[in-house]
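Right, one structure below, let's go through it.
What follows is calculated from the coordinates using simple rules that are stated; it is not laboratory data. Note that the structure is predicted; figures quoted are calculated from it, not measured.
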Amino acid sequence: MPEASLVVDLERREAGQGDPLIFLHAFPLNSAMWGPQLAALPAGWRGIAPDLRGFGASPDGDQDVSTMELFAQDVVAMMDRLEIERAVFCGLSMGGYIAFELWRSVPERIRALILSDTRAGPDSSDAARARERLARRVEKEGVGIVVETMLPRLISSETRYTLPGVVESVKAMMLETPPATVARALRGMAIRPNSEPLLRTIRVPALVMVGAEDAITGRGQVEFLARSIPGASMETIEDAGHLPQLERPDAFNRVLREFLARLPASVRKS
Ligand code: MLT
């Protein structure tokens with residue numbers, strides 16, 4: 001574990017009481033993206049959605065690059081502060097990259113995994129270079145450029161036309177993220193390790209989910225997770241893009257609820 005001084009105390013949203021379920025948000029959003037899940041938690045669960053360092057209400061550190069390892073260390077420190085030994089984790093996209101990092105470093109703290117719209121492979125060298133170009137533009141021009149390039153690909157066409165409120169809330173989350181936080185996370189994602197070899201070592205119940213129209217992650221990547229994690233189940237959320245938990249919260253919550261209900265008592269109480 002890192003020196004205490006390197007860890008950032010994460011702010012968080014919470015709802016419910018019971019077994020801990022930790023929600024890890026996507027880039028460049030914050031814990032508000034889990035609002036519909038925190039509002040509809042099944043009985044017996046305590047939902048905890050941290051703002052990762054620099055995002056939402058959490059302070060950033062003074063690092064140049066926000067690696068997935070740093071994000072994961074902050075989450076473990078938060079668990080320690082809350083005296084949570086083990087939790088179910090639900091990570092979406094970058095939140096999924098962080099969940100893989102948690103599995104790599106502290107698998108004993110994980111009871112079960114829900115991985116949505118995420119992938120285990122690293123960036124290609126082209127993708128990493130594109131992230132660096134975007135990081136430099138964000139540092140010069142602000143986060144507007146990320147909204148311009150990313151927002152149209154984040155949500156399904158159905159959401160764009162029928163749920164303008166969702167589009168606006170995603171845009172607001174993006175715009176409130178400081179440029180330095182965005183640039184550091186882009187650089188961190190560009191150097192994230194390959195988590196594909198980890199998949200077959202995952203020995204906790206796992207659910208993978210994907211929005212049917214996810215233009216960022218791609219269904220093939222998520223199918224790969226489902227094939228590679230022993231015993232994992234996979235669900236597709238229709239009419240949703242990269243953010244099914246906001247675009248189709250009822251469908252997402254139903255799948256989440258059913259997965260949680262299927263967890264053996266030994267997993268919940270171990
Ligand atoms: C996210 O939604 O967290 C990002 O799309 C992840 C990424 O850029 O790889």
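In terms of its C-alpha gyration tensor, the chain comes out rounded, because the ratio a/c of the largest to the smallest axis stays below 1.5.
Under a 5 Å amide H cut-off, with hydrogens placed 1.01 Å from N, GLY211 pairs with ASP117, ILE237 among residues at least 5 apart or on other chains.
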